[in-house]
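Before any comments, here is the structure.
The values are calculated or read from the model by the stated rules, or taken from the named source; none is laboratory data. Not measured: the values here are computed from a predicted model. Cβ atoms come from the backbone with ideal geometry, glycine included; neighbour counts cover every protein chain shown.
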Amino acid sequence: MALPSATVLALAHEVRLHPRIAYQGLLAHATDRAKLCGQLPRLVPFRRAYHGAIAVVDWDHRLPSKHLAFRIYAYYDEASLSAGEEAYDNRLEEIGQRDRFPEFDVPDFDGLPADEAYEVEITPEGDVLGCRLTSAWRRDVREVDAVVGVGIARASAEYARIAASASERPRHLGGLEAVSWTPPCESGHPRWTLDVWYLLAFDGRVGSGRGLLVDLDEQRVVAVRDFSVRAG
């Protein structure tokens with residue numbers, strides 16, 4: 001079930017502000033927050049419908065603030081939403097205890113428990129610069145999905161072109177590997193895709209190659225992009 005981001009934010013009921021954001025008068029008016037929400041890319045739940053959400057404009061630990069994080073925490077059921085709300089309340093209390101404006105730094109709202117966690121980079125004026133999934137589970141790929149995704153990538157014309165152009169690639173670099181899930185807000189594709197990597201070079205510290213985004217429903221590669229990864 002795919003819901004637009006406007007529906008996700010409706011489930012959050014309101015856009016909350018970190019106290020240090022509120023102190024600075026940023027995004028203080030409803031029209032400012034409506035403009036922000038209207039720029040968001042579409043958020044699509046991963047194989048489940050959304051039940052609720054928490055949306056908070058977070059502080060960048062600077063005065064005045066330069067680049068803000070709009071955090072969207074999405075939940076699949078009442079139990080996970082309740083856990084998220086409890087964690088939010090605890091963090092807000094911690095912020096209040098340590099908030100001695102402006103001399104001391106205070107915590108932000110990063111790392112709250114959620115079924116899906118997104119970080120949207122925005123300007124102090126509310127302009128959206130980028131959106132990414134921060135949930136660690138994105139790298140938890142079931143074996144059955146990995147096998148299907150790698151099979152689709154291996155049979156694709158995109159992979160054939162990459163392999164043909166890398167005829168001198170060292171064999172010890174291995175084959176295709178399914179590494180993570182990519183949400184629509186990052187890829188621009190309507191559905192979640194599986195990121196299948198093909199390592200082309202590794203110097204002992206940094207590896208680089210090409211990632212093939214595989215749509216398991218359509219059984220095709222929808223995009224190819226470069227990647228780099230640091231060992232350890």
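All conditions but one from (1) closer than 21 Å to V8 by Cα; (2) outside the structural domain of V15 (by TED's automatic domain parsing) apply to D115; the one that does not is (2).
The set of residues from the range 18-30 being within 26 Å of S80 (Cβ to Cβ), touching a helix residue (DSSP H, G or I) at 6+ places or on another chain (Cβ under 9 Å) and not in a loop (DSSP other than H, G, I, E, B) comprises just one member, P19. Checking E143, E186, E177, E218 one by one, the residue that is exposed (fewer than 13 other Cβ atoms within 10 Å of the Cβ), without any contact (Cβ under 8 Å) to a residue 60 or more places away in the chain and under 26 Å from the mean Cα position of the chain (by Cα) is E143 and no other.
So if I check each of R191, R138, R161, R171, which one is surrounded by fewer than 18 Cβ atoms within 10 Å (Cβ to Cβ), charged (D, E, K, R) and in contact (Cβ under 8 Å) with a residue 12 or more places away in the chain?
On the way: R138 fails: surrounded by fewer than 18 Cβ atoms within 10 Å (Cβ to Cβ); R161 fails: in contact (Cβ under 8 Å) with a residue 12 or more places away in the chain; R171 fails: in contact (Cβ under 8 Å) with a residue 12 or more places away in the chain.
Exactly one residue qualifies, and that residue is R191.
Report yes if some residue within the range 169-187 is in a helix (DSSP H, G or I), closer than 26 Å to G130 by Cβ and touching a helix residue (DSSP H, G or I) at 6+ places or on another chain (Cβ under 9 Å); otherwise report no. For the range 169-187, residues in a helix (DSSP H, G or I), closer than 26 Å to G130 by Cβ and touching a helix residue (DSSP H, G or I) at 6+ places or on another chain (Cβ under 9 Å): present.
For (1) assigned to a helix (DSSP H, G or I); (2) without any contact (Cβ under 8 Å) to a residue 40 or more places away in the chain; (3) more than 30 Å from T193 (Cα to Cα), each residue gets a yes or a no:
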residue: D32; (1), (2), (3): yes, no, yes
residue: L43; (1), (2), (3): no, no, no
residue: R48; (1), (2), (3): no, no, no
residue: V56; (1), (2), (3): no, no, no
residue: P64; (1), (2), (3): no, no, yes
residue: Y73; (1), (2), (3): no, no, no
residue: R91; (1), (2), (3): yes, yes, yes
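Go over the candidates E186, E177 one by one and state the one that is charged (D, E, K, R) and closer than 24 Å to R42 by Cα.
On the way: E177 fails: closer than 24 Å to R42 by Cα.
E186 is the lone residue from the list that is charged (D, E, K, R) and closer than 24 Å to R42 by Cα.
As for the range 16-29, it holds no residue that is closer than 19 Å to R138 by Cβ, in the same structural domain as T123 (by TED's automatic domain parsing) and in contact (Cβ under 8 Å) with a residue 24 or more places away in the chain. Every condition in (1) more than 26 Å from W181 (Cα to Cα); (2) without any contact (Cβ under 8 Å) to a residue 60 or more places away in the chain is met by A117 except one, and the failing one is (1).
Quick check, is R210 in contact (Cβ under 8 Å) with a residue 12 or more places away in the chain and part of a loop (DSSP other than H, G, I, E, B)? Break it down stepwise before answering.
Working: in contact (Cβ under 8 Å) with a residue 12 or more places away in the chain: yes; part of a loop (DSSP other than H, G, I, E, B): no.
Answer is no for this residue.
Going through (1) modelled with pLDDT under 95; (2) in a helix (DSSP H, G or I); (3) surrounded by fewer than 20 Cβ atoms within 10 Å (Cβ to Cβ) one by one, E85 falls short only on (1). Does at least one position in the range 6-16 carry a residue that is in a loop (DSSP other than H, G, I, E, B) and surrounded by 13 or more Cβ atoms within 10 Å (Cβ to Cβ)? Within the range 6-16 (the criterion being in a loop (DSSP other than H, G, I, E, B) and surrounded by 13 or more Cβ atoms within 10 Å (Cβ to Cβ)), the answer is no, since none of the residues qualifies.
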